[in-house]
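No lab work stands behind these numbers, since they all come straight from the coordinates. In this text the structure is predicted, and so the values were computed from the model without any measurement. No Cβ is skipped: glycine too gets one built from the backbone with ideal geometry, and neighbour counts run over all protein chains shown.
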Amino acid sequence: MLVGVCDFPGTYTFPPAGYGGIERWLWAVAQGARTAGADVHLIGPGWLRDLEDQWVRKPVRLEDITPGSLAERELKDAGYDLLVVGHEYPSRPEWVRTWRELDCDVATFQHNPSFQHTPDAFDGGRSRLYCYSPEMVERYAKHRPVAELAVHLGLDEAEPPALKGRDLVWLGRIDEDKAPHLAVRAAQILGRRIRLVGPVFDKEYVRRHERIFSSDHVEWVGELGGAAKTAAVAEGAAFVYTYARTYVEAGAAVFGESLRAGTPIAALTWRDGTCAQAALCDRTGAFVIADPSVDDESAARALAEAIEKAAVLDPGEVQQVGFNRFDPVRHFTALAAL
């Protein structure tokens, strides 16, 4: 089986170190496909050049190819069975035109909860859309989505053996949508330290919650990548997951990252069918469904109870379940099943 994994213009590298959701997912698919025995081509100029020693790299993008050109003939002659691409491209006419010339399957994962696809982007067979949670499956029901947990990998992020962590950890972009102030308050209620790992995207949001964010129990770690990022997650007694009431999580990488590191997850959700519920079980974490009408203090107290439940779980079992549930080979096999 020949699989082409396509890049796209973006701010992160392919593969990324640290952050970059779709970029990390594409790299996980490439790794999973190769381990499963498929031949893999990395398509697009964004893939790191030093990968050429071990991977076949095709530095062209389908949407840029001229009909009838040598580049088009070379791609057709390669004989691809499957292309894997970011979620926008099956709805872009110029990309679709080249894909149809290649006469192969295409699979993508919905990483944006609001993107509007063209009506004929997916047929559920030759062109397939995958969604993380029941909530996302429902949002994209007209495109015949397949329920599947996404796997994300970055550079130099191999997980060490699980260990019993000490403090709490929160990881992600720091802004209103991700609502880390709720995690910080929950940690304060429990009298526990919490590490915030990630870049500040919204300084005004941080200023509004300055009192809680400047508390002594908070450690601002900043953006990490590679082994340092993995270590920050692995050293946590529990990973605390939060998001804003109106935000829809399309498929957060942090669930797989945390469980594969052996760190149980305590999640605050606001409704049924979310990514947290799809990713977690009693052996890997705890989640609470808060009424969106309650105030932040009530939500933080409910989250604190979930943290207490998650923090006593066995890291070794968490990691084993994480490796099984968020396995790149299993994920690729699901994407290529048809």
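Per q in 0.16, 0.22 Å⁻¹, report the Debye log10 I(q)/I(0) for segment 89-210, using one uniform scatterer on each alpha carbon and no solvent. One equal scatterer on each Cα of segment 89-210 leads to -0.96, -1.19. Highest mean packing first, where packing is the average number of other Cβ atoms within 10 Å per residue, the peptides 43-52, 214-223, 306-315 line up as 306-315, 43-52, 214-223. Could you tell me whether segment 2-154 comes out rounded, prolate or oblate from its Cα gyration tensor? Rule is a ≥ b ≥ c as square roots of the eigenvalues, rounded for a/c under 1.5, then prolate if a/b exceeds b/c, otherwise oblate. It is oblate, given that a/c is not under 1.5 and a/b is not larger than b/c. Counting neighbouring beta carbons within 10 Å and listing from fewest to most, the residues 296, 105 come out as 296, 105. For residue 41, the residues whose amide H sits under 5 Å from its own are 3, 4, 5, ignoring neighbours fewer than 5 places away on the same chain, with H placed 1.01 Å from N. For the chain, the longest principal axis of the Cα atoms and the long axis of helix 93-102 meet at an angle of about 60 degrees. In segment 68-207, taking the dipole from charged Cβ atoms about the Cα centre, the farthest positive-side position among 124, 109, 205 is held by 205. A Cβ-based charge dipole, computed about the Cα centre of the chain with Lys and Arg at +1 and Asp and Glu at -1, lands at about 300 debye. When all alpha-carbon pairs of the chain are counted, what percent fall beyond 30 Å? Everything past 30 Å amounts to 36 percent.
Going from the fewest other Cβ atoms within 10 Å to the most, the residues 104, 281 appear in the order 281, 104. Most tightly packed first, judged by the mean number of other beta-carbon atoms within 10 Å of their residues, the peptides 126-136, 202-212, 2-12 read 126-136, 2-12, 202-212.
For the chain, the residue among 98, 11, 275 whose Cα projects farthest onto the positive side of the dipole built from Cβ charges is 275. For helix 315-325, what angle does its Cα long axis make with the longest principal axis of the chain, in degrees from 0 to 90 and rounded to 10? Tilt of helix 315-325: around 30 degrees.
In the chain, the longest principal axis of the Cα atoms and the axis of helix 296-310 are about 80 degrees apart.
Ignoring lysines fewer than eight residues from residue 76 along the same chain, the ones with Cα atoms less than 23 angstrom from its Cα are 58.
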